[in-house]
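First the structure, in the form of structure tokens, and then the observations on it.
The values are calculated or read from the model by the stated rules, or taken from the named source; none is laboratory data. Quick caveat, the model's predicted, so the values are computed rather than measured. Ideal geometry is used to build each Cβ from the backbone, glycine not excepted, and the neighbour counts take in all protein chains shown.
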Amino acid sequence: MTHERRAGRVPKLLLSLLLLALLAGLLFTEPGRAWDLEWTQWAVTADQSSPALHAFMRAGTELGKSGPILVSLFVPAAFGTEFARGTARVAFAGLLGSQLAVEGLKRLTGRTRPDGEANPNNASFPSSHASAAAALAWVVTARHRRLAPWAVVVAFWVCASRVFLGRHFPSDVVAGALLGICFASLALRFQDRLAGARTVR
């Protein structure tokens, strides 16, 4: 492992630990659970009071749906360079693992959504949108540094939209993002087999 690659992992490790600490605080402390609810209520109120904000958040949620996510993989896989095709394969592996984990946890937790929906097959915890957005952004930032800022902004937009629209609590989003990061990191560990070329571009 080169010094540059090792140094590049430090901020990502710190971010992962920060998210893990935040999730633990939101789920397992009394102030954290109160903040989880208060932040959701604030975001939903802001969304409902501004048609422009609502439209912006709706657009973010649409970007995190399976259709746009699959298109973002298909286009480079079909028309991109060999390196881009490799990125699509790595991202698909990370997305597949994270979404399977998300669906399993949804059925185990059965958490009611902030908007009152209580479907045990589509529970609030964790967020599949956040998981997919984070997994895709994690792979893109690892393999295409010039696209990293855009990937991060879009991922944050998707994640925030789920809270503002009343579909998730912040803890759902943080948990989903962590799952996406974990499985994307695992896929990147096997990128030599999945993608071939490993040079960051």
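Residue check: is Val75 surrounded by fewer than 18 Cβ atoms within 10 Å (Cβ to Cβ) and either under 23 Å from Asp47 (Cα atoms) or over 15 Å from the mean Cα position of the chain (by Cα) (or both)? The answer is yes for Val75.
Of the residues examined, Trp150 is one that is outside any loop (DSSP other than H, G, I, E, B) and either polar (S, T, N, Q) or within 21 Å of Gln191 (Cβ to Cβ) (or both).
Which residue out of Ala175, Ala160, Ala137 is over 15 Å from Ala88 (Cα atoms) and crowded, with 24+ Cβ neighbours inside 10 Å? Of the residues listed, the single one that is over 15 Å from Ala88 (Cα atoms) and crowded, with 24+ Cβ neighbours inside 10 Å is Ala175. Quick check: anything in the stretch 29-46 within 20 Å of Ser128 (Cα to Cα), hydrophobic (A, V, I, L, M, F, W, C) and free of Cβ contacts under 8 Å to residues at least 12 places away in the same chain? No, the stretch 29-46 contains no residue that is within 20 Å of Ser128 (Cα to Cα), hydrophobic (A, V, I, L, M, F, W, C) and free of Cβ contacts under 8 Å to residues at least 12 places away in the same chain. Against the numbered list (1) surrounded by fewer than 21 Cβ atoms within 10 Å (Cβ to Cβ); (2) farther than 22 Å from Ala59 by Cα; (3) modelled with pLDDT of 95 or more, Trp150 comes up short only at (2). Out of Ser124, Ser171, Ser161, Ser131, I need the residue that is among the polar types (S, T, N, Q), part of a loop (DSSP other than H, G, I, E, B) and within 20 Å of Met57 (Cα to Cα). Which one? Exactly one of Ser124, Ser171, Ser161, Ser131 is among the polar types (S, T, N, Q), part of a loop (DSSP other than H, G, I, E, B) and within 20 Å of Met57 (Cα to Cα), namely Ser124.
Ala118 falls short on exactly one of the conditions (1) of a type in the set (A, V, I, L, M); (2) assigned to a helix (DSSP H, G or I); (3) farther than 16 Å from Arg89 by Cα, and that condition is (2).
Set side by side, the residues Ala148, Ala101, Ala88 differ, and just one is under 20 Å from Ser16 (Cβ atoms), in contact (Cβ under 8 Å) with a residue 12 or more places away in the chain and small (Gly, Ala, Ser), which is Ala101. Annotation note: of Gly110, Gly116, the sole residue that is out of contact with any Gly (no Cβ under 7 Å at 6 or more places or on another chain), surrounded by 13 or more Cβ atoms within 10 Å (Cβ to Cβ) and at positive phi is Gly110. In this structure, is Phe183 modelled with pLDDT of 95 or more, in a loop (DSSP other than H, G, I, E, B), crowded, with 20+ Cβ neighbours inside 10 Å and not small (Gly, Ala, Ser)? Against the criterion (modelled with pLDDT of 95 or more, in a loop (DSSP other than H, G, I, E, B), crowded, with 20+ Cβ neighbours inside 10 Å and not small (Gly, Ala, Ser)), Phe183 does not qualify. Only one entry in Gly97, Gly104, Gly86 is more than 18 Å from His144 (Cα to Cα) and either surrounded by 14 or more Cβ atoms within 10 Å (Cβ to Cβ) or among the aromatic types (Phe, Trp, Tyr) (or both), namely Gly97.
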